[in-house]
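The values are calculated or read from the model by the stated rules, or taken from the named source; none is laboratory data. Because the structure is predicted, anything quoted here is derived from the model rather than measured. Please note: Cβ atoms are built from the backbone with ideal geometry, for glycine as well, and neighbour counts cover all protein chains shown.
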Amino acid sequence: MGLVVVEICDGNLISQINLEELLEKEYPEVAVIENSCLSFCGLCAVRPYALVNGKRVFGKNTEEAVEKIKALIEEELAVFF
C-alpha cells in the first residue's frame, strides 16, 4: 500500500486510461485501486474523477482530471517528504 491512495470507479470515464500504470510509474509512493463503485454516481456519470486519500478530484475531461490528481498527489507527498 502506498502513502497516497488513488481510488477510481471502474464505470467512470477515467478508467478508460491506464491510470495505475501512469501514476505508479511516476510516483512509486502511490497505490491506485480500482473499485466497482465509489457511490458518487451523479459525478461518475458526467465527469472523470478519482479519490486521492479520500478527497474528490475531478475535471472537465480525463486530461484535466489527471493533472489535478497529480497536483494533489504532489501536495499529499509534500507532507511526508
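Taking every residue in the stretch 49-66 that is touching a residue at least 24 places away in the same chain (Cβ under 8 Å) and pairing it with any residue that is among the aromatic types (Phe, Trp, Tyr), at least 6 positions away or on another chain, the pairs with Cβ-Cβ distances below 8 Å are Tyr49/Phe40; Tyr49/Phe58; Ala50/Phe58; Ala65/Tyr49; Ala65/Phe58.
Filtering the stretch 34-55 to residues that are surrounded by fewer than 15 Cβ atoms within 10 Å (Cβ to Cβ), in a strand (DSSP E or B) and at pLDDT 95 or above leaves only Lys55.
Could you list, in sequence order, all residues of the stretch 1-33 that are in a helix (DSSP H, G or I) and not aliphatic (A, V, I, L, M)?
Step one: list which residues in the stretch 1-33 are in a helix (DSSP H, G or I), which gives 13-16, 19-26.
Answer for the stretch 1-33, where residues must be in a helix (DSSP H, G or I) and not aliphatic (A, V, I, L, M): Ser15, Gln16, Glu20, Glu21, Glu24, Lys25, Glu26.
Is it the case that the stretch 59-75 has a residue that's more than 19 Å from Leu13 (Cα to Cα), surrounded by fewer than 19 Cβ atoms within 10 Å (Cβ to Cβ), modelled with pLDDT of 95 or more and of a type in the set (Asp, Glu)? Yes, that holds for at least one residue. The number of residues in the stretch 1-18 that are crowded, with 16+ Cβ neighbours inside 10 Å and either touching a helix residue (DSSP H, G or I) at 6+ places or on another chain (Cβ under 7 Å) or of a type in the set (Lys, Arg) (or both) comes to 8.
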